[in-house]
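Working notes, structure below.
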Amino acid sequence: MKKLLLLFAIFCGCTITQAQIICIQDTLVSNKEALYAPYKNLDYSSYLFCVKLYVHVIRKSDGTGGQTVSNIYQALSYLEASYNPYKIYFKWNNQIDYIDNTYNYEHPSGAVFNINNHSDGLDIYLFDDNAELLIGNGGGSANEDLTAVFVTGYFLDNNTVAIPLAKSHVLSHEVGHVLFLWHTHHGTGENTNDPNECPELVNGSNSNICGDYISDTSADPNMVYNVDLATCIWLGSGVDANGDFYDPDEHNIMSYTPTKMHELFYLKTEY
């Protein structure tokens, strides 16, 4: 059951000296479940965790396009804002791997996960803000097995203002998948290969065994981006098996709400 945010393929202790994060040990474990077993019932509230980070930027074959260095720092700031308050830190060596290939640049997809991927950390692949997916303006994807994510393109706010997704909490959302967070509507509004999947009740009585397996996130029937951008209120409705009305969290980064909603996000987790 993927209920723990803190147990990542790269498990390491950390110490903090002033503002500097130092990883004591990085350990690659091929069998994640074997790693998780001893830790599932521990209290992690006093622990710090580091995730080694690798950054790739996809450009055209002539080296043009792609994200600038300042854009990369801005993108990574969203990860820090999302996870640092929960004692999860990212250790980046400040090196950028430029993938100069026009075809890849013009066709964003998970195919890039096989390019210069690392087995000892999280690989982030950033496409250009104007590189669109075939399904729309932009988006992102994660591959938990390869511990890799990509983000590309933009979101149109009210079909007028383009919001670059690489510099948004869409990146936080995709990294959340690699850290084994489910969507908030898991078990209710989607079907996956999770054998334990089941609908979460609004009253929270089964929240630790159903839904996203995190007790302090609200039951979510899947908002499907149907949120008023002015009020940040879900425009849908529905009831659970008990007849209780859903009241999902529009700001949770693992929910399906517009990118703008995530700019005022808060991420809850159960240690």
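Where does each of 106-115, 233-242, 168-177 land if you order them by average Cβ count within 10 Å, highest first?
168-177, 106-115, 233-242
Can you give me the long-range amide H partners of residue 91? Hydrogens built in the peptide plane at 1.01 Å from N, cutoff under 5 Å, separation of 5 or more residues or another chain.
Those qualifying (amide H under 5 Å, at least 5 residues apart or on another chain) are 51, 52, 53.
Would you mind putting 85-96, 210-221 in packing order, based on average other-beta-carbon counts within 10 Å, highest first?
Going from most to least packed, we get 210-221, 85-96.
Kindly rank 183-196, 54-67 from highest to lowest mean number of other beta carbons found within 10 Å of each residue.
In decreasing order of mean packing, 183-196, 54-67 become 54-67, 183-196.
Given labels modelled 7 Å from the Cα in the Cβ direction, how far is it in nm from residue 130 to residue 70?
The two pseudo-label positions are separated by 1.8 nm.
What is the sum of charges around residue 101, taking Lys and Arg as +1, Asp and Glu as -1, for the other residues whose C-beta is under 13 Å from the C-beta of residue 101?
Local net charge: -3.
So, counting K/R as plus one and D/E as minus one, what does the shell of residues with Cβ under 12 Å around residue 143 add up to?
-4
Any read-out appearing in this document is the output of simple, stated calculations on the displayed coordinates, not a laboratory observation. Values in this document were obtained by computation on a predicted structure and should not be read as measured data. Because the Cβ atoms are built from the backbone with ideal geometry, glycine has one as well, and the counts that use them run over all protein chains shown.
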